[in-house]
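Asks: Provided herewith is a single structure, encoded as structure tokens, for subsequent inquiry.
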2 protein chains.
Amino acid sequence: MPKVVDHEERRAALAEAVWRLASREGLEALTLRDVSAEAGCSTGALHHYFRDKEELLLFAFQTTADRVARRIDAAKGATSGPLDFARTLLAVGLPLDAERRAEIRVWFAFLGLALTRPVLAGAQRDAYRAWRRQLTQNLKEAQERGEIDPTLDPELEATGLVALVDGLAVQASFEPRALSGARQMELVEERLAGLAR
Amino acid sequence: MPKVVDHEERRAALAEAVWRLASREGLEALTLRDVSAEAGCSTGALHHYFRDKEELLLFAFQTTADRVARRIDAAKGATSGPLDFARTLLAVGLPLDAERRAEIRVWFAFLGLALTRPVLAGAQRDAYRAWRRQLTQNLKEAQERGEIDPTLDPELEATGLVALVDGLAVQASFEPRALSGARQMELVEERLAGLAR
């Protein structure tokens, strides 16, 4: 009788292997051979999951996006309202601990490659759209509750907040000491407070 | 008599070749062979300039940084004061035209690679420091003139402004239509106006 392979389980194990490699060494040198060594399976078995390097990169990116989404879901219950949830949606993108620092390294490595590869660019675009949409929704709810300025354009402000967080992540990744977590959050709080005026 | 090679001239020609390749195809696949073909010289001649891929990447990044610096210098004379110069320092980082879009593609491709390569990370860190320092200086002058809130921390605000511009450049690179140049500048102007309150 042939061995029954649990595909979901193997997929999860591969995601873990790809994630460990990508966060440790970056994406540009990530190969199917490295992944098979890290995951302890043959490169032949990997070809069921990835046809080429591009599919492997997409998988690494999706694994990162899934990690972030799980963290958002876990935090959602503990938030006190739409503005507080907006704060959570922003904090997930900042390198405030080792886990997020690793995620951000993979995120920006992917971004660098996506600029000249349309398929990867599509995945990146979708991820930013989803992030902005969620944040826009929270700002609209905060507006309905009278918690922020009713004349503001929630979508534009969401774009600016995502931009601020992304840019802080860049600077903090290269200069963690000059730009501490507290300084990063100070700028996010200042901006959120600015919306309430 | 041996031919006299003008090293400065050759260096400039190489910078142009590296720049064209990098902005067209990204950095991760940039090789000494490609550069020699684009520049019309032998790979042997290139070895006088770059020992390895890392030095080639650094050269591509420095070429981009030099282009940006020249644009800032050219614009400086036309600015009406420190806040207006701050606006110029921010606008150089936004993909508002084809030239800046190409520069930003190279910048973020480099950034993606720098996250796992200490030498490249050092160059990136220096570039951000210089950008923030220049902007901080302008905000201080604006404070001395009473043009912005005297209680603000110019360095922290400069960090936030650079972050905003970097993050807008990311989103606009992937969605130029959703985030037009006008929308990008609207967010920058809103933030600058916020400093004056």
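Asks: If A:G93 satisfies all but one of (1) in contact (Cβ under 8 Å) with a residue 60 or more places away in the chain; (2) out of contact with any Phe, Trp or Tyr (no Cβ under 8 Å at 6 or more places or on another chain); (3) outside any helix (DSSP H, G or I), what's the number of the condition it fails?
Replies: (2)
Asks: While we're looking at this one, here's another question. Exactly one of these conditions fails for B:L113: (1) in contact with a Phe, Trp or Tyr (Cβ under 8 Å, 6 or more places away or on another chain); (2) within 16 Å of A:L115 (Cα to Cα). Give me its number.
Replies: Among (1) in contact with a Phe, Trp or Tyr (Cβ under 8 Å, 6 or more places away or on another chain); (2) within 16 Å of A:L115 (Cα to Cα), B:L113 violates only (1).
Asks: What residue, of A:R100, A:R71, A:R51, is out of contact with any helix residue (DSSP H, G or I) (no Cβ under 8 Å at 6 or more places or on another chain) and at pLDDT 90 or above?
Replies: Step by step, each of A:R100, A:R71, A:R51 is checked, and only A:R100 is out of contact with any helix residue (DSSP H, G or I) (no Cβ under 8 Å at 6 or more places or on another chain) and at pLDDT 90 or above.
Asks: Could you identify the single residue in A:L120, A:L56, A:L113 that is out of contact with any strand residue (DSSP E or B) (no Cβ under 8 Å at 6 or more places or on another chain) and at pLDDT 90 or above?
Replies: Of A:L120, A:L56, A:L113, the one residue that is out of contact with any strand residue (DSSP E or B) (no Cβ under 8 Å at 6 or more places or on another chain) and at pLDDT 90 or above is A:L120.
Asks: Quick one: is A:E175 of a type in the set (D, E, K, R) and more than 8 Å from chain B (Cβ to nearest Cβ)?
Replies: So A:E175 does not fit the description; no.
Asks: Taking A:E8 as the residue in question, decide whether it is at pLDDT below 80, open to solvent by 60 Å² or more (accessible area, probe 1.4 Å) and in a helix (DSSP H, G or I).
Replies: Here the answer is yes, as A:E8 does meet what is asked.
Asks: To continue, here is another question. Would you mind telling me which numbered condition in (1) at the interface with chain A (Cβ under 9 Å from one of its Cβ atoms); (2) closer than 27 Å to B:F59 by Cβ; (3) free of Cβ contacts under 8 Å to residues at least 40 places away in the same chain; (4) aliphatic (A, V, I, L, M) B:L156 fails?
Replies: For B:L156, the failing item is (2).
Asks: Just the residues that are open to solvent by 50 Å² or more (accessible area, probe 1.4 Å) and within 21 Å of B:R24 (Cα to Cα), please, taken from the stretch B:103-144.
Replies: If the condition is that a residue be open to solvent by 50 Å² or more (accessible area, probe 1.4 Å) and within 21 Å of B:R24 (Cα to Cα), then B:R105 is the only one that fits.
Asks: Since B:Q62 meets every condition but one in (1) outside any loop (DSSP other than H, G, I, E, B); (2) over 26 Å from A:K53 (Cα atoms); (3) without any contact (Cβ under 8 Å) to a residue 60 or more places away in the chain, which condition does it not meet?
Replies: Checking B:Q62 against (1) outside any loop (DSSP other than H, G, I, E, B); (2) over 26 Å from A:K53 (Cα atoms); (3) without any contact (Cβ under 8 Å) to a residue 60 or more places away in the chain, the one that fails is (3).
Asks: Among what's in the stretch A:117-140 and is touching a residue at least 60 places away in the same chain (Cβ under 8 Å) and touching a Phe, Trp or Tyr at 6+ places or on another chain (Cβ under 6 Å), pick the residue that is farthest from the other protein chains (Cβ to nearest Cβ).
Replies: Out of the qualifying residues, it is A:A123.
Asks: Is it the case that the stretch A:145-157 has a residue that's out of contact with any Gly (no Cβ under 9 Å at 6 or more places or on another chain), surrounded by 17 or more Cβ atoms within 10 Å (Cβ to Cβ) and at pLDDT below 95?
Replies: Within the stretch A:145-157, none of the residues are out of contact with any Gly (no Cβ under 9 Å at 6 or more places or on another chain), surrounded by 17 or more Cβ atoms within 10 Å (Cβ to Cβ) and at pLDDT below 95.
Asks: Among the residues of the stretch A:165-191, which ones are part of a helix (DSSP H, G or I) and open to solvent by 10 Å² or more (accessible area, probe 1.4 Å)?
Replies: A:S173, A:F174, A:G181, A:A182, A:R183, A:M185, A:E186, A:E189, A:E190, A:R191
Asks: If B:V162 satisfies all but one of (1) open to solvent by less than 20 Å² (accessible area, probe 1.4 Å); (2) within 7 Å of chain A (Cβ to nearest Cβ); (3) within 15 Å of B:A98 (Cα to Cα), what's the number of the condition it fails?
Replies: (3)
Asks: Just the residues that are of a type in the set (D, E) and within 14 Å of chain B (Cβ to nearest Cβ), please, taken from the stretch A:1-58.
Replies: Those that are of a type in the set (D, E) and within 14 Å of chain B (Cβ to nearest Cβ): A:E25, A:E28, A:D34, A:E54.
The values are calculated or read from the model by the stated rules, or taken from the named source; none is laboratory data. Values in this document were obtained by computation on a predicted structure and should not be read as measured data. All Cβ positions, glycine included, derive from the backbone under ideal geometry; neighbour counts span all protein chains shown. Each accessible area value is taken on the protein alone, full model and side chains, heavy atoms only, with ligands, DNA and RNA left out. Shrake-Rupley method; radii C 1.70, N 1.55, O 1.52, S 1.80 Å.
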